[in-house]
């Protein structure tokens, strides 16, 4: 479990970094947006929704597939988010630990470092106060508990997930992260046909609820229902997967992101590699490539 300890230490160190204070003169922002003395503060101008923040601020959660995997995993991921006005790159990490004979698991993940360079148009649209639109920032940290409710029965495999989101992400003034907590929970389902050696087909689906804090004094939180639908094809140690996923907020301020997920994974004895492509359909205007390297260990009894 040495790698688990190092992973947690790495995340804690990243989240403890304190950014330098800004000495910017914000007269340009006041003039651009018509702000005058006595108007609400700049935070009230910003919109805490996925369509007005960076790609990692309020992303569509990873789709679970009704089952807890058998191994403890440490995953390091490099991501490149392509966007006309907001190209972004980041390094993230994930720690997954199943126990109690794979009936319960905990999962911790977050963005360790994010590099951004957005355009003037994006800056003004998001009311950002970072004039040059360039920088490096640390992301939010998530903690999940997963409970296997049903497995290998006539009824589909069923998994319950509950996740909390911290407010550790920085650079609200650059519209990178929401600087607010949140949570979501969901039920995912799957059913398998075939055998991995000759070809296994697994359709899956998910529905749940997502809530996060906003800066709107009349509506202090935004509530959304989550959904996903997709299928896996697995043969031997190779996996192909595709899904449609998203969530739908009630404020109708670019808070209904929807995207397509494509994944290829290859497992080896104690390691695995994974490549993902995420295609934003609405309210998440990015095309993202992710490459992950995974270390696997025996599950905790």
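Where a number appears in this text, it was derived from the coordinates with a stated rule and is not lab data. Just so it is clear, the structure is predicted and the values come from calculations on it, not from any experiment. Methodologically, a virtual Cβ is constructed for each residue, glycine included, from the backbone with ideal geometry; neighbour enumeration extends over all protein chains shown.
Quick look at the values:
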{"read-out": "The stretch 135-186 and the stretch 204-267: distance between their alpha carbon centers, rounded to Å", "value": "11 Å"}
{"read-out": "Percentage relative contact order, the stretch 2-298, counting C-alpha pairs under 8 Å, at least six apart", "value": "17 percent"}
{"read-out": "Burial order of peptide ranges 282-289, 165-172, 198-205 (average beta-carbon count within 10 Å, highest first)", "value": "165-172, 282-289, 198-205"}
{"read-out": "222 nm mean residue ellipticity, helices alone, for the chain (DSSP H n ≥ 4; -39,500 (n - 2.57); rounded to 500)", "value": "-3000 deg cm²/dmol"}
{"read-out": "Contact order relative to length of the stretch 140-239, as percent, for alpha carbon pairs under 8 angstrom and 6 or more apart", "value": "21 percent"}
{"read-out": "Ranked 62, 90, criterion: other C-beta atoms within 10 Å, fewest first", "value": "62, 90"}
{"read-out": "Separation between Cα centres of the stretch 270-290 and the stretch 54-102, rounded to whole Å", "value": "10 Å"}
{"read-out": "Nearest-ten-degree value, helix 2-16 long axis tilted from longest Cα axis of the chain", "value": "10 degrees"}
{"read-out": "P(r) of the stretch 2-298 over all Cα-Cα pairs, binned every 10 Å from zero, in whole percent", "value": "6, 26, 36, 21, 9, 3, 0"}
{"read-out": "Residues in the stretch 72-105 that a label on residue 125 would reach, taking backbone N under 13 Å of a point 7 Å out along Cα→Cβ", "value": "83-87"}
{"read-out": "Residue with peak Gaussian network fluctuation, the chain [Cα springs, cutoff 10 Å], from 29, 193, 212", "value": "193"}
